[in-house]
Amino acid sequence: MRLLCRKKTTNKQTNNDNTKMTKILRIFNKILLNHGSSTNILLKQNLRSVINLTKYYYSSENSSNVKNKKSPLYRQLYSKMMTCGPLSVAEYMKEILTHPNVGYYMTKDVFGLKGDFITSPEISQLFGEIIAVWIINEWIKISKDPFQLVELGPGKGTLIQDVLRVFKKLQFLNKISIHLVEISPALSKIQAQNLCTHVEEINLADSKTQIKENSIGHYKKGITEDGIEIYWYYSVTDIPKKFSIFLAHEFFDALPIHKFQKTDQGWSEVLVDVIPGIEEEKFRYVLSKGLTPAARVYISEDESRDHVEISPQSLVIIDYISSFLMECGGFALIIDYGHIADKTDTFRAFRKHKLHDPLLNPGSADLTADVDFSLIQKIALKDNRVISFGPISQRTFLKNLGIDLRLEMILKNSTDVQKEQILSGYHMIMDADKMGERFKVLSLFPYVLSKYMDKWKVDGFKQENKNEQLQK
């Protein structure tokens with residue numbers, strides 16, 4: 001990995017570095033103000049009523065509206081359970097979310113007001129802008145070369161849109177290529193429509209180079225209106241081995257989990273089984289009779305909780321990214337619902353922005369579970385491949401990066417109606433009772449940068465003290 005060479009660091013240089021993030025943000029504000037776009041770009045279409053979603057965020061949906069007609073996915077799951085026995089929650093989630101023909105993510109747009117849930121980039125472009133400035137700020141500390149920006153599970157492409165807009169304003173577009181990890185045909189099509197002016201589907205079977213290198217490679221390629229190349233991949237392992245910056249926003253919470261319950265007889269795995277004779281499309285939880293293979297592997301001897309959720313796929317991906325960063329250079333930013341090994345049963349479903357029974361009408365709702373950041377961090381730090389910063393709350397991270405400065409700037413040039421919309425989005429992503437505290441942020445950098453990072457601090461990860469929290 002190549003580092004940008006610097007002279008010996010003085011105290012004055014260190015202080016200058018600490019203010020670099022603010023300087024970049026001020027430059028961005030000034031550019032937007034000069035172009036008359038500091039307000040308009042913050043207004044999201046069809047999101048004027050987003051503030052009204054908050055009071056329903058944890059409401060339960062009435063099951064009386066459920067249709068009695070059995071869906072193909074339900075029939076398939078039912079047949080599989082009758083033939084093979086109860087399924088693990090991980091198998092159940094995988095079938096529902098990513099079944100090639102009828103999976104929840106595979107066939108439709110599930111984001112936004114018309115979908116089942118809404119993400120921070122969809123709510124406020126403040127989020128994407130601050131993330132973009134952070135990327136630039138950290139990248140210029142360690143490199144001057146072009147890099148790959150990799151997003152895992154890019155949704156509708158909104159976060160990448162916001163990032164590219166900031167890079168364009170700050171004249172860094174010539175330094176970036178976009179690489180999206182997306183398994184859903186429906187969502188990759190939406191992403192291409194939102195991001196590209198030209199798209200080319202790749203016939204993987206005809207790609208001799210990819211076969212020779214034992215890699216599937218990208219299955220789609222697009223070009224933005226500014227000439228930026230965008231590539232789509234089915235797996236993070238297909239990303240070219242070059243200096244890369246990884247973004248994972250609300251990605252790991254959708255990966256399948258195993259659930260384990262401690263009983264008087266020891267640990268059992270929570271499984272999903274049929275309910276004989278029921279008219280509804282509904283399943284039930286049952287406990288395994290004793291330890292399952294998954295329980296033997298994933299439950300640690302010193303576990304103090306009586307209920308544990310583990311996502312093996314998340315651990316495999318984090319392990320791969322950590323090795324990638326050690327080998328090729330770059331860094332990663334992970335933002336998601338999460339906890340620090342202090343939560344138990346977080347598995348849930350969202351349908352039309354309301355809590356929904358995850359075992360009712362499979363395929364009609366998003367399935368999710370909070371990310372255990374302590375376990376992700378433990379896997380990442382193994383063998384001194386990377387160093388980590390965080391986890392820290394999304395609210396604290398964005399405040400540290402100057403989101404309030406950006407907010408102040410755009411409100412000065414806004415009408416009353418615009419101010420209401422902008423503040424609505426801001427409070428949704430920042431308030432403690434909404435996304436501000438529930439979302440956690442973690443970053444990973446190559447271990448070789450350990451001493452370097454002591455001098456050139458990673459911005460955003462200073463914790464608020466209790467007095468500061470009380471004042472806010």
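The values are calculated or read from the model by the stated rules, or taken from the named source; none is laboratory data. Every value quoted in this text rests on a predicted model; they were computed, and no experiment measured them. Neighbour counts run over all protein chains shown; Cβ positions are idealised from the backbone, glycine included. When the accessible area is computed, the model is the full protein with side chains, heavy atoms only, and any ligands, DNA or RNA have been set aside. Shrake-Rupley method; radii C 1.70, N 1.55, O 1.52, S 1.80 Å.
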For this session: Step through the residues of the stretch 221-233 one at a time and calculate ³J(HN,Hα) from phi using the Karplus curve (6.51 cos²θ - 1.76 cosθ + 1.60, θ = phi - 60°), rounding each to whole Hz and writing x for Gly and Pro.
Result: 9, x, 10, 7, 5, 9, x, 7, 7, 10, 10, 10, 9
Problem set entry | Computed E for Asn413/Lys189 - FRET, C-beta separation, R0 35 angstrom, nearest 0.05 | 0.45
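Rolling a 1.4 Å sphere over the protein heavy atoms, what is the accessible area per residue of the stretch 369-472, to the nearest Å²? Each step should come with its number before you reach the end.
Values: 4850 Å² over 104 residues.
Normalised by residue count, the accessible surface of the stretch 369-472 is 47 Å².
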Exercise. Quick one: if you stick a label point 7 Å off each Cα along the C-beta vector at Leu287 and Thr107, how many nm between them?
Worked result: 3.7
Seminar exercise, completed: Expressed as a percent, the accessible surface of the stretch 321-374 that is carbon or sulfur, using a 1.4 Å probe and the full set of protein chains, is 49
Exercise. Could you give the nm distance between label points at Asp342 and Ser374, where each point is 7 Å from its Cα heading toward the beta carbon?
Worked result: 0.9
Problem set entry | Spin-label proximity, Ile278 to the stretch 85-109 - amide N less than 19 Å from point 7 Å beyond Cα toward beta carbon | 85-97
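Hey, what did the stretch 293-430 get for relative contact order, percent, Cα under 8 Å, at least 6 apart?
On the way: 95 pairs, mean separation 30.8, N = 138.
Worked out over the stretch 293-430, it gives 22 percent.
Over 29 Å between Cα atoms, which of Lys175/Lys434; Lys144/Lys455; Lys80/Lys262; Lys382/Lys440; Lys169/Lys412; Lys141/Lys189 qualify?
On the way: Lys175/Lys434 35 Å; Lys144/Lys455 18 Å; Lys80/Lys262 27 Å; Lys382/Lys440 21 Å; Lys169/Lys412 20 Å; Lys141/Lys189 35 Å.
Long pairs (Cα-Cα over 29 Å): Lys175/Lys434; Lys141/Lys189.
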Exercise. At a 1.4 Å probe, what is the % contribution of carbon and sulfur to the accessible area of the stretch 162-309?
Worked result: 49
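Using a 1.4 angstrom probe, figure out how much accessible area the stretch 172-305 has per residue, in square angstrom, rounded to the nearest whole.
On the way: 7020 Å² over 134 residues.
With all protein chains present, the stretch 172-305 gives 52 Å² per residue.
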Exercise. For the peptides 421-433, 282-294, what is the packing order when you average, over each peptide's residues, the other Cβ atoms within 10 Å and list the highest mean first?
Worked result: 421-433, 282-294
Exercise. Full extension from Ile223 to Arg26: what is 0.36 nm times the residue separation minus their Cα-Cα distance, to one decimal in nm?
Worked result: 68.0 nm
Exercise. Modelled label-to-label distance, Gln265 and Lys144, 7 Å Cα→beta-carbon offset: nm?
Worked result: 6.8
For this session: Can you tell me how much longer the chain between Lys70 and Glu327 gets when fully stretched, taken as 0.36 nm per residue apart minus their C-alpha distance, in nm with one decimal?
Result: 87.6 nm
Seminar exercise, completed: By the Cα gyration tensor axes a ≥ b ≥ c (a/c under 1.5 gives rounded; else a/b larger than b/c gives prolate, otherwise oblate), the shape of the stretch 390-456 is oblate
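Can you pull the Kirkwood radius for the stretch 336-439, inverse mean 1/r over Cα pairs, to one decimal in Å?
Taking every pair of different Cα atoms in the stretch 336-439, averaging 1/r and inverting gives 16.5 Å.
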Problem set entry | Whole-Hz ³J(HN,Hα) from phi, Karplus 6.51 cos²θ - 1.76 cosθ + 1.60, for the stretch 243-253, glycine and proline x | 3, 9, 10, 9, 10, 10, 10, 6, 10, 5, 5
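State the percentage of accessible surface on the stretch 375-472 attributable to carbon and sulfur atoms; use a 1.4 Å probe and exclude ligands, DNA and RNA.
On the way: 2390 of 4770 Å².
Carbon plus sulfur share of accessible area: 50 percent.
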